[in-house]
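In what follows, a structure is listed as structure tokens, so that the remarks can point back to it.
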């Protein structure tokens, strides 16, 4: 009888024990709109300082990923998926991404492609 009651209690409590809701990952698109499997999600990014870099002599592209705290919308981890070819630029991008803030409970991860051109960085890539 105790085992049966314990099983019933665990079955009822299991949704409450879930640590992460079923949220989508996203990819940053043009105009800072997050694209997900559920469609575009505007207004997810609350604060996004641009990386401080100079113009590139040779255009390149970098792809970066940030992992988010679902409850707070803060970035807790960032990494390079595809290097721009410059350690200094990659480091500047990672420092900027660490400061980004997101609306809580919207996405859990964001992929950020950046095209580096002669005039600066295009967040979300070229159109």
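Give 62, 120, 85 a once-over and let me know the one that is farther than 25 Å from residue 22 by Cβ and modelled with pLDDT under 90. Write out each step before concluding.
Values: 62 fails: modelled with pLDDT under 90; 85 fails: modelled with pLDDT under 90.
Residue meeting the stated conditions: 120.
Please count how many residues of the range 88-127 are closer than 20 Å to residue 42 by Cα and over 16 Å from the mean Cα position of the chain (by Cα).
Within the range 88-127, residues that are closer than 20 Å to residue 42 by Cα and over 16 Å from the mean Cα position of the chain (by Cα) number 3.
Taking the condition under 13 Å from residue 123 (Cβ atoms) and surrounded by 11 or more Cβ atoms within 10 Å (Cβ to Cβ), does residue 61 pass?
So residue 61 passes the test.
Restricting attention to the range 74-117, report how many residues are out of contact with any strand residue (DSSP E or B) (no Cβ under 8 Å at 6 or more places or on another chain), part of a helix (DSSP H, G or I) and farther than 18 Å from residue 34 by Cα.
So the answer is 5.
If I filter the range 3-57 down to residues being over 26 Å from residue 71 (Cβ atoms) and surrounded by fewer than 10 Cβ atoms within 10 Å (Cβ to Cβ), which single residue comes out as modelled with the lowest pLDDT?
Top of the filtered list is 5.
The values are calculated or read from the model by the stated rules, or taken from the named source; none is laboratory data. Keep in mind it's a predicted model, so treat the numbers as computed, not measured. Counting neighbours? That spans all protein chains shown, and the Cβs are built from the backbone with ideal geometry, glycine included.
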